[in-house]
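Working notes, beginning with the structure itself.
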Amino acid sequence: MIRSFSVFSKLTLFSLVLLSSCSVPLYVSMWQHAPVKADGNPWEWTKPLRYYDSGSKLQYTFSNDLKNMYICVRATNEESQQKILRGGMQIWIDTTGKAKERSGLLFPLPETETKEDVNRERRQDPGTSEFRTKKKFRNDRTELELTGFKPPASGILPLQNIYGVTANINMDSLDILTYEAIIPFRTFFKDSLLPADSSRVFSFKIVVNGLPHAKKDNGSQASSDMGATSGSMGGAGRRPGGSPRGGDRTPSNPMYESHSMKTNIRLRTVPTPLPKKWE
């Protein structure tokens, strides 16, 4: 009787561990056959993208070859588009699969706003077209920010840099926003994948920042809002666009709240057969 209870307890414990490990989805990366250019034009990707997050209303997918990791995100929802364009988006990678914020790419960099901007927005309904189209899309981003990558790849860098980490966004004729990023493995892991790496699980976290916090006209931050200044991923766990405290933002307004989605990815180390359309 005691032995049976022990076996039952072990099975129960195993089931609990299994359920907890399933809280973050595990996907298998696609092998990237065709070259990818990070220009915000999704010609290299099959649409709709493979995965969907209902919280942020984003489509996303991952692919890799032996040298690079490729990420594509598509936003059809105008609120998500505004948050990405104005608050920025973070991609975090943990090669240990423990969902830690180890190597981070921030792009676009968050915009800064004055107190006057915030007061004007507070008088508007965030659901109106006037609010959503306050700032028309401009494909003029020229910088990204890296943190936790192999030195000296860190800090704010031009989109075209010697490390090969690059990203871009664009808006198509259907008003769909596409984000693309290329991250060489050598900048955070190793020079090239080996067959044994097919058993390794990487953790990815995509964070869509809330709208940026207000800045006073003299450049100091208004009120006691949380979050770092524009273009900063570090500093005691602070992140640009974090959920606010203070009188300038309404915490219940989702436009000013960040949203994150966690995914575990098993990489490909051997090319898969070409899709039929390329045969």
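The values are calculated or read from the model by the stated rules, or taken from the named source; none is laboratory data. It should be emphasised that the depicted structure is a prediction, and the values quoted were computed from it without experimental measurement. We place every Cβ from the backbone using ideal geometry, glycine too, and count neighbours over all the protein chains shown. To get the accessible areas, we keep the full protein, side chains included, count just its heavy atoms, and leave off ligands, DNA and RNA. Shrake-Rupley method; radii C 1.70, N 1.55, O 1.52, S 1.80 Å.
Key figures for this structure:
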quantity: Inter-residue pairs, beta-carbon under 8 Å, first over 11 Å from Phe137 (Cα atoms) and in the stretch 74-86, second assigned to a helix (DSSP H, G or I), 6+ apart; calculated: Arg74/Pro42; Ala75/Gln81; Ala75/Ile84; Glu78/Arg132; Glu79/Arg132; Glu79/Pro254; Glu79/Met255; Lys83/Met255
quantity: Flag for Leu194 being without any contact (Cβ under 8 Å) to a residue 60 or more places away in the chain and of a type in the set (A, V, I, L, M, F, W, C); calculated: no
quantity: Verdict on Ala75 being open to solvent by less than 40 Å² (accessible area, probe 1.4 Å), at pLDDT below 90 and under 25 Å from Val165 (Cα atoms); calculated: no
quantity: Selection within the stretch 23-55 - of a type in the set (Val, Ile, Thr) and assigned to a strand (DSSP E or B); calculated: Val28
quantity: Given (1) open to solvent by 10 Å² or more (accessible area, probe 1.4 Å); (2) touching a Cys at 6+ places or on another chain (Cβ under 8 Å), index of the condition Thr61 fails; calculated: (1)
quantity: The lone exception for Asp248 - which of (1) part of a loop (DSSP other than H, G, I, E, B); (2) open to solvent by less than 30 Å² (accessible area, probe 1.4 Å); (3) at pLDDT 80 or above it fails; calculated: (3)
quantity: Search result, residues across the stretch 56-111 that are in a helix (DSSP H, G or I) and among the acidic types (Asp, Glu); calculated: Glu78, Glu79
quantity: Residue selected from the stretch 139-155 under the condition farther than 11 Å from Ser103 by Cα and open to solvent by 30 Å² or more (accessible area, probe 1.4 Å), by the criterion modelled with the lowest pLDDT; calculated: Asn139
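To keep it simple, each residue is scored yes or no on (1) modelled with pLDDT of 95 or more; (2) closer than 27 Å to Gln59 by Cβ; (3) out of contact with any strand residue (DSSP E or B) (no Cβ under 7 Å at 6 or more places or on another chain); (4) β-branched (Val, Ile, Thr).
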site	(1), (2), (3), (4)
Glu180	yes, yes, no, no
Pro184	yes, yes, no, no
Lys190	yes, no, yes, no
Leu193	yes, yes, yes, no
Arg200	no, yes, yes, no
Ala228	no, no, yes, no
